[in-house]
Structure formats: C-alpha cells, structure tokens
1. For the range 183-192, take each phi angle, set θ = phi - 60°, evaluate the Karplus expression 6.51 cos²θ - 1.76 cosθ + 1.60, and give the result in whole Hz per residue in order, putting x for glycine and proline.
2. Just to check I understand the Karplus step: with θ = phi - 60° and J = 6.51 cos²θ - 1.76 cosθ + 1.60, what whole-Hz values come out for the range 96-105, glycine and proline as x?
3. Be a star and scan the range 176-215 for residues whose amide nitrogen sits under 13 Å from the point 7 Å along the Cα-to-Cβ vector of R282.
4. For the range 130-144, in order, what is each residue's ³J(HN,Hα) by Karplus, 6.51 cos²θ - 1.76 cosθ + 1.60 with θ = phi - 60°, in whole Hz (x at glycine and Pro)?
5. Extending each Cα 7 Å along its Cβ direction at A275 and W148, get the distance between those two points in nm, one decimal.
6. What whole-number distance in Å separates the alpha-carbon centres of the range 191-229 and the range 58-107?
Amino acid sequence: MITVTALCALTVSFGISAGHWLAGYHGWLRQLAAAGCPPPEAHSGVFHVRSAATCSALKGRYPGGLQAAFSSRFSSAILFSQDGLPAGFAIIGAMIGAPLVAREIEQRTQFTAWTQSVSRRRWYVSKIAALAAALTVAGLTAGTANAWLQHQLTAGDTAATRWSWFVSINLALAGEAALAFALGVSFGALLRRTLPAIGATAAGFIVLLLGARWIVQVLTPASQATGPHVTTPPGSWILGSGTGTRVSYHPPAQYWPLQLTLLAILLAVAGAALASGWQATRTRGV
C-alpha cells in the first residue's frame, strides 16, 4: 500500500502543479492585454502596444503559447497519467498475485498450508478475497485522483485526445488492478514459478486491456457529427483524429455507462482467471 499511496500523492502533486501553472498562464494573458500586446494565438489584427520592450519581455515567459509551453512543462505528467498508473497497477497486481500460489509450490510449503485443518478452498478464497478487495479499492482511489488530474492536463494540453486517459481514470483503474492480480494468481498456479508468472501476467494484461478498450470504444454505438465545420458537445469522447467533415464521438452522458461496461468486462475476465487459478491449485498444487 505504500507504493499505491506514493502513486496517489504523485498524482495530486502533478495536478496542483498544473493548476498553478494554468493560473499563471491566464494571469500572463491578462498582463498582455493590459499592455496592449497581441495574444500568442493572434496572427493578425490591430493592437495598441504601449511598450514594445514590455511585450518582448512578457512573450518570453511562455514560448509557443499554451499548447507548446504546457506540453513541454508537463510531458512527464501526461505520460504518467495516461500510461504510468495502469502500468504501475499491473506491476503491483502481478507481484502480489503471482507469488500467492507459486511461492508455496516453489518453497514446497503447500504440503503444510493445504493439508491442515484449513481446507485448500478456504485458504484460496480467503487469500484472494482480501487482497483483491484491497487492490480494487486502491485502484478506485488512484483512478479518482487521476480523473481530477486528467481535467487539469487536458485544460493545458488542448491537442490531447481524451481517449488516451479512458483506461487510467475512475472505475477503469479499479478493474485493471483486479485483473492484474487475478492474472498473477492464475499464471502463478499454472506455471508454478513466480518470475515466469509475473512476465506472463504483464503480457496478458496488455493484450486483455487493449482488447477490452477496443470492445468498449468500437462496439458501443457512437454519435455522428457532419458538416464543413464539425462541432461536438463539450466534453465528448471523440473517436479517431476528430478532424474532417464526419466525426464519430461518444457524448459526455455516455461516459459512465462506458466506464461501467469496461469495469464489467475487466471483472468478468478477472473472475475467469481466478477460477482457472483455483482449478490449477486444486488439481496441480500437490
């Protein structure tokens, strides 16, 4: 849990830093306007510049304007938010789940653990239930914090597609934590070696997560916007590049149904993996 706490703390620190940066940027825009300087996105127009030296000094603070300056400052935060948290929970889940059965077999302590008064089924269920619940709650906490961070980052990185964050926020991260743990348990029971099980879990997690995201993104009915100047409702989840005369998107009202669908898929796969792990534990453990 120390690692999870550190990930959440890092998420919050990135969000606070981005909020301060954006506040400073908007204050800078007000300074430009007060001095009569053209804003960074202006390519033409008439401006009543009071002091060319003042304008020159102000423009040096945020070279390239909002998009360029923000991306340069927070590129690591964007990478952490989009990919770092899912990868972190995949590693945590694999390292907790894979040794659960595999280590007992590697150390040959399964003869003691599974032949005493506690049945093998009870041992398996009690271990799995407590750890899976803790990881799921931890994933939900981190996902909620990352959803807040995502709003801060997309406010500055205006060119970023919001789908890059879909599998790393809110309910998605809870499902991914449970999935990684379940795969670790299953591969640990099947392979009976901890390190190969961790590697197999990482590979399986990537494939299954991409597949689940594809199912949610593509097979859920999307709305269409057409015309020479395509506009979508604010907060929409745009599919593809979002450019051209025809754009597919999921409106904001579909966000939580999409998240619940992804969570249901991940939990269903996790349940199947745990059932497979139990079958291997029951038949191959001793």
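Values quoted throughout were computed directly from the atomic coordinates according to the rules given, and no laboratory measurement underlies them. The structure presented is a predicted model; accordingly, all values stated were derived computationally and were not measured. Please note: Cβ atoms are built from the backbone with ideal geometry, for glycine as well, and neighbour counts cover all protein chains shown.
1. 5, x, 4, 5, 5, x, 6, 6, 8, 6
2. 7, x, 4, x, 4, 9, 4, 5, 4, 6
3. So the set is empty, nothing qualifies.
4. 5, 6, 5, 5, 5, 5, 5, 5, 4, x, 5, 4, 5, x, 5
5. 3.8 nm
6. Cα centres, the range 191-229 to the range 58-107: 17 Å.
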